[in-house]
1. Within region A:208-254, which helices (runs of 4 or more DSSP H) (wholly inside it) include 2 or more residues that are more than 22 Å from the chain's Cα centre (by Cα)?
2. Looking at B:Leu486, is it surrounded by fewer than 20 Cβ atoms within 10 Å (Cβ to Cβ), more than 30 Å from B:Phe276 (Cα to Cα), within 10 Å of another protein chain (Cβ to nearest Cβ) and free of Cβ contacts under 8 Å to residues at least 24 places away in the same chain?
3. Go through region B:193-206 residue by residue and tally those that are of a type in the set (Gly, Ala, Ser) and more than 14 Å from B:Ala22 (Cβ to Cβ).
4. Just the residues that are part of a helix (DSSP H, G or I) and either under 10 Å from A:Glu89 (Cβ atoms) or of a type in the set (Lys, Arg) (or both), please, taken from region B:506-525.
5. Based on what the data block shows, is A:Val23 buried (at least 17 other Cβ atoms within 10 Å of the Cβ), modelled with pLDDT of 90 or more and assigned to a strand (DSSP E or B)?
6. Could you pull out the residue among B:Ala441, B:Ala452 that is buried (at least 20 other Cβ atoms within 10 Å of the Cβ), within 30 Å of B:Leu224 (Cα to Cα) and either at pLDDT 90 or above or touching a Leu at 6+ places or on another chain (Cβ under 8 Å) (or both)?
7. Taking the criterion of being outside any helix (DSSP H, G or I) and either at pLDDT below 75 or of a type in the set (Gly, Ala, Ser) (or both), would at least one residue in region B:177-184 satisfy it?
8. Which one of these does A:Val10 not meet: (1) part of a helix (DSSP H, G or I); (2) under 13 Å from A:Val232 (Cα atoms)?
Amino acid sequence: MKDLLKINNVSFKYGKMQVLEGVTLGVESNSIHGFVGANGAGKSTLLNIISGYLKADSGSVEFLGKDITDLKPIQRVTNGIARTFQKVELFDTLSVYDHVLLAVRQKEKIKKKTGSPLDIFRSFTASTKEAEVVEEILGAVGLEGVKNSPVASISLGLGRMVELARAVALEPKLILLDEPSSGLNTEETEIFVEIVKSLSDKLNLTIVIVEHDLTVINLLTDTLTVLESGKVLATGITDSVLNSDIVRTTYLGR
Amino acid sequence: MNELPLFIIAGIPFGCVYALGACGLVLSYKTSGLLNLAFGAQAYVISLLFYFSYDSHWPFILAFLVWVILFSFLLGVLFDKLLFQKLRHSSVAVKLVGILGLLIALPSIAQGVLGQNSPTIRPFLFSTTSVYFHIFSYPVSGENIQTVTVTLVVVMLLVWLLKYSKIGLTMKAVVESPKLAELNGISSERVSSLAFGISGVLAGLSGVLLAPILHEINSYDLTLLVVAGIAAAACGGFSSLVITFLAALALGIFQEILAGYVPQSFMLSSSIRPSFPFVVLVLALLFNKSLRNIGTLKDPLSEVDPPPKLLLKYYSYKPIRFRAAILAVITVTFFSVSFGGVISGNWKFVLCQGCALGVIFLSITLLTGSTGAVSLCQATFGGFGAFLSSQLTSRFNFPILLSLAIVTVGCFFVGGLIALMGTKLKGLGIALLTLAFALLADNLIFPSTFFANGSTGVYLPRPQLGSINFNSNESWLIFEAIVLALVTILVLIVRSSKIGLEALAVSGSSLGAESIGISYSKNSLIFFSLAAAIAGFGGGLYGITQQNISSQDFNWEFSLLFLVLVIVMGVKSIEGALVAAFSYVIATELLDTYAGNNIGIIISIAVGLLALIWVLDPEGIVERQTRIWRSTYRSVKLRRQKVFVE
């Protein structure tokens, strides 16, 4: 199958510290690809390079066969890349519903290339069509019960769901999830895994996930890359990577 | 004769004072993440106390030890304990209001306590007037030697303290990561108090040394010492003390070179020298990448923090509250129209001022209330509106309302230009950029005959629409009340629009907004432009109300005052801006009647203290009251329903 995302020989330094060195890998369409590695292995840095928040010192990133290395984060969103954050980035004063509504509107803007300065005079209340889409997404991620709650009043687990719903509402081709189970309890993690799985199947999404929890990785991912000190230690089908000698000895310490 | 060496030597004392100020700012900023804009105000207070005591024949050593060392240190520690530590994890707007409260109140409190007369500046280490020796035929006087000697001794002590002492080591640990330092038994709060104490001493020293060079103790110059300090610190990226010191020295020297080479016949020759630090600050903000996130120091261990929990009561505010806002508009209009003929002429005039200021204040509601961005130049835009409208009318005979309309459009573009310049800046960076713009306008633009015509000021006629003449305050009040109502509705429409919702998203999390394709810079461009246009329009209305207006009516201090007033009353609601505007003009009028000459001092102290009290529980006074009334109304309603069911 053709790779949706290709990372070619990417290197990155924070000051004098080499965080990524010659990372090359591909992510197939409609698959869930995981990144694991010790703290400081370069997982989140790689995610930030894919989403455009950091610029690689060398190497390139291709998405849908197009070189996106020099594109800004917003341009990558319009190309079909959405993401969540390790430390949830929600809009403090808005409700859960407003979060999804904003993303639905952005999707329309991207699709139809609409949106003009005159939007300054158009009411933010959702149209019937927009409301339907928002409700559908909220239902898919199990947020109907808290849709009118301000995000400041919901749990971290639900906050991660809101981020996921906001990303899904953009109808992207690729979603990047940055340590989605961090701070969640076992029950919340299980629910999150279930929802990601069902969304991925239903919407034919490609997902890249950075995660520490190997249970989540085992349950969710089709393919996996293990990073060690900024280099690819192993990459391939999740089971075979986790059972490979080099990963067992170097990363899992068995 | 080549005069360059002379200018260089003349600039060194200024550079030394700036260096002391800049080092003090960097020291406190690095350990707390707070940029102490009240640093210059501290310098002003200490220099007043020192010279008053010294003038009253205290021995120099005693006055120096008591005020410049001991009192300065304790004042710094006290401010940190009572205010700065509470602000550390607050939003940019709250941090700014707290610090601006101090900046506004301190000089006025000092003037209130010590009187408005300046003490005599007596020489202390060396005789100020005597020339000790010549360098390149430049007469080196006592004040020069004094400044350079004290600076060198202090900088050497500072370097020793930070590099070789145990305290220096703990400070470095806290700068690196307060949380990690605490895990090793170092109290980051105590270290930051110490840094603010040392910074306070540096403020005192710079004030005491700057006074003899300027030959006066001037609240304006000393308060603005902070801008030169920030400009130098910005060149050093707010981290390296050595680069900061050298940059400050260079700043002082270039300032004198510039003053020396600009011909005296040039109209703005006297304004160029004091404006130089503002220009450097703008350039540093625009080109130094390390300043893009100034004011948001991040502890490497902050990732382990749970996400910040917002207080629910702050959410009780919805993006718009049509009912309350429209009620406010109707009240104002009804009040103005109905009582226009009843109240005395002077109070009609006061209400006219209130309407005009209300428009300027609404520009703050629109910008800061929607996007969270803080502009410290809204009064400056007001000045543009007033002065340029007058110029267009007097030079081209345009009707005043047409002039005002043209200038409003002009302000829209100038606001946009500032937003474009600061497109990479966030939070405090934008606030500093707008502050530098306000100071530049005060010094370079407004004094010109094309703007405010210096201290002489300009005249704005009242308009005439067909047969309706607005010369009387009564008719002008009705006109302004209608205009205020229209602007209020415009602000409401914008805030409740699609872009208004995007602005709330950007202010909540610019990173999150960017992840769904909402652009921070585009959003800030729209809101800055609109807010500038509204402020310019309000300034024009204010000018037409006053009819004679000068640059002093729109100086940088008003921008700070207006911002603090609106935020304290409630920046997220229309009611907040309107209550702030009318309370301000009514209080000013009452004080004018009963307090006479002390009006400025009383207002500054009141607003400053109000801001300082507000930061302890940052919810707008009007918004809090609305919330309380609402919840009371709800509980009464629920109780009635219960009784009915039973």
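1. Result: A:238-243, A:245-250.
2. No; evaluated as a whole, the condition is false for this residue.
3. Qualifying residue count for the region: 5.
4. B:Gly508, B:Ser510, B:Leu511, B:Gly512, B:Ala513, B:Glu514, B:Ser515, B:Lys522
5. Answer is yes for this residue.
6. Step by step, each of B:Ala441, B:Ala452 is checked, and only B:Ala441 is buried (at least 20 other Cβ atoms within 10 Å of the Cβ), within 30 Å of B:Leu224 (Cα to Cα) and either at pLDDT 90 or above or touching a Leu at 6+ places or on another chain (Cβ under 8 Å) (or both).
7. The answer is yes; a qualifying residue exists.
8. The failed condition is (1).
The values are calculated or read from the model by the stated rules, or taken from the named source; none is laboratory data. Predicted model, so just to flag it, every value in this text is computed and none were measured. Counting neighbours? That spans all protein chains shown, and the Cβs are built from the backbone with ideal geometry, glycine included.
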